[in-house]
1. Before we move on, is Ile45 surrounded by 13 or more Cβ atoms within 10 Å (Cβ to Cβ) and free of Cβ contacts under 8 Å to residues at least 60 places away in the same chain?
2. Please go through region 23-42 and give me each residue that is in contact (Cβ under 8 Å) with a residue 12 or more places away in the chain and either surrounded by 13 or more Cβ atoms within 10 Å (Cβ to Cβ) or at positive phi (or both), ordered by number.
3. If a residue must be in contact with an Asp or Glu (Cβ under 8 Å, 6 or more places away or on another chain) and modelled with pLDDT under 80, how many such residues does region 178-207 contain?
4. Suppose we filter Thr141, Thr161 for residues that are without any contact (Cβ under 8 Å) to a residue 60 or more places away in the chain, among the β-branched types (Val, Ile, Thr) and in contact with a Leu (Cβ under 8 Å, 6 or more places away or on another chain); which single one remains?
5. Could you tell me how many of the residues in region 164-193 are surrounded by 12 or more Cβ atoms within 10 Å (Cβ to Cβ) and without any contact (Cβ under 8 Å) to a residue 12 or more places away in the chain?
Amino acid sequence: MKSINLNENVRVKLTDRGYDVLFETYIEKIRKLKEHFKKNNPEFIEKHGIGHIARTCVGYYKEPEVDSEGYSTFQLWDVMFEFGPYLDMAVDLPIETDILIADSSLNDNGIIYDSKKDNEPNYKAISLNSFVGVKLTPKATKILKSRKDIIKPQVDENGYTYFQLWQLMNVFGKNSYMGSDLIFDGFDMLIFEENLKEYDPIKKIKKSRP
């Protein structure tokens with residue numbers, strides 16, 4: 001069994017739907033910002049305009065950088081937050097089904113694997129359909145109970161609850177952000193070693209979005 005901290009960087013390949021999701025999220029931030037100022041400080045928005053406020057508070061929209069293999073880098077919790085609500089059965093997925101994890105990000109009984117010193121780190125790929133385990137906090141348990149569409153998941157003798165990775169992101173994604181109450185005890189995710197596939201970059205190269 002391996003584990004990864006949700007603060008670690010992972011690489012994902014965005015689909016066209018994924019780019020749309022990021023832009024829609026950006027627009028939603030501006031909409032909420034506009035509502036906030038209209039309610040709390042209408043004089044300020046009349047004086048400066050929503051465009052100035054958006055540029056100052058949110059910044060210009062910028063698509064994530066894409067590497068030579070077509071992947072973009074996010075912290076794992078950010079992948080959950082941005083794309084989790086859009087991961088479901090029979091939908092247009094925002095990211096392709098494999099997530100790349102550097103060997104150096106995988107813990108083994110508390111020992112961190114060292115990546116290569118002179119080259120790029122080795123990567124493993126995990127499918128969104130793979131099962132992972134987390135220890136739920138009381139807040140996470142409350143969120144799970146509120147989801148009537150979720151069959152009660154399996155819990156092992158060590159207190160870990162197991163979900164398919166896409167389902168974990170779907171259920172808890174919007175509650176995984178900087179400054180939020182902890183969703184998972186320890187902020188770690190358990191991964192079965194058999195679900196980690198060797199990643200061959202030569203076979204996976206795909207042009208980035210034009």
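1. So Ile45 fits the description; yes.
2. Result: Thr25, Tyr26, Lys29, Ile30, Leu33, Lys34, Phe37.
3. Matching residues across region 178-207 total 4.
4. Thr161
5. 1
The values are calculated or read from the model by the stated rules, or taken from the named source; none is laboratory data. Predicted model, so just to flag it, every value in this text is computed and none were measured. Cβ coordinates were reconstructed from backbone atoms using ideal geometry, including for glycine residues, and neighbour counts include every protein chain displayed.
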